[in-house]
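Here, each number is a calculation from the coordinates, and none is a lab measurement. What you see is a predicted model; the values in this text were computed from it and never measured. Virtual Cβ from ideal backbone geometry, glycine too; neighbours counted across all protein chains shown.
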Amino acid sequence: MAVNDTIADMLTRIRNANMARHDTTHVPSTKMTRSIAQVLKDEGFISEYQEVGEGVERHLVVSLKYKGKNRQPIVKMLKRVSKPGLRVYANRKELPRVLGGIGVAIISTSHGIMTDREARRQGIGGEVLCYVY
């Protein structure tokens, strides 16, 4: 089944796998999902991701992280902000702070996918893809 919003699909798959306490989840691989997975890894929300499969069948295997013996998910919330029906853009002055800087806003900029912190440091704005904390 073709998915129009690959980002929302990715976030939902990670959210569901987290709630079910799975170790890994499969996400269709696109340039965008790879970039978001890289940001999540850099920010410590997931332990790693790998690309597997060939051609159209490529997907990412995302390894989720938990803490403590109760296996509390590291990712408490994944929220899609900019949707295909309503794009949300922010210039460098309007970049959102998620939970006062505890969380991360993932921004799609002209310099690639990055966190709100990185975009602020580079002085660029872009499309606010999602919030993670």
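Points to keep in mind about this one:
- Paramagnetic reach from Ser63 (point 7 Å along Cα→Cβ, amide N under 15 Å) across segment 3-34: 22-26
- Within straight-line reach of Lys31, meaning a Cα separation under 19 Å, sit the following lysines at least 8 residues removed in sequence or on another chain: Lys41, Lys83.
- Amide N of segment 77-92 lying under 19 Å from the label point, which is placed 7 angstrom from the Cα of Ala20 along Cα→Cβ: 77-78
- Counted charge near Glu43, where neighbours are those whose Cβ lies closer than 12 Å (Asp, Glu -1; Lys, Arg +1): 0
- Using 0.36 nm per residue and subtracting the Cα-Cα separation, the extra length available between Asp42 and Glu54 on full extension is 1.8 nm.
- The charge dipole of the chain, taken about its Cα centre with unit charges on the Cβ of Lys, Arg, Asp and Glu (plus for the first two, minus for the last two), comes to roughly 580 debye.
- Taken about its Cα centre, segment 1-41 carries a charge dipole of about 120 debye when Lys and Arg each add +1 at the Cβ and Asp and Glu each add -1 at the Cβ.
- Gyration tensor verdict on the chain (Cα atoms; rounded if a/c is under 1.5, prolate if a/b is larger than b/c, oblate otherwise): oblate
- Across the options Leu99, Gly125, Val88, the greatest Cα extent toward the positive end of the charge dipole of the chain (unit charges at beta carbon of Lys, Arg, Asp, Glu) belongs to Leu99.
- Nearest 10 degrees, 0 to 90: helix 31-42 Cα axis against the chain principal axis: 90
- Cα convex hull, segment 72-133: 83 Å³ per residue, rounded to a whole number.
- Here the Karplus curve 6.51 cos²θ - 1.76 cosθ + 1.60, taken at θ = phi - 60°, turns the phi angles of segment 52-63 into couplings of 10, x, 10, x, 5, 7, 6, 8, 9, 9, 9, 8 Hz, with x standing for Gly and Pro.
- Between 0 and 90°, nearest 10: helix 6-19 axis offset from the chain longest Cα axis: 50
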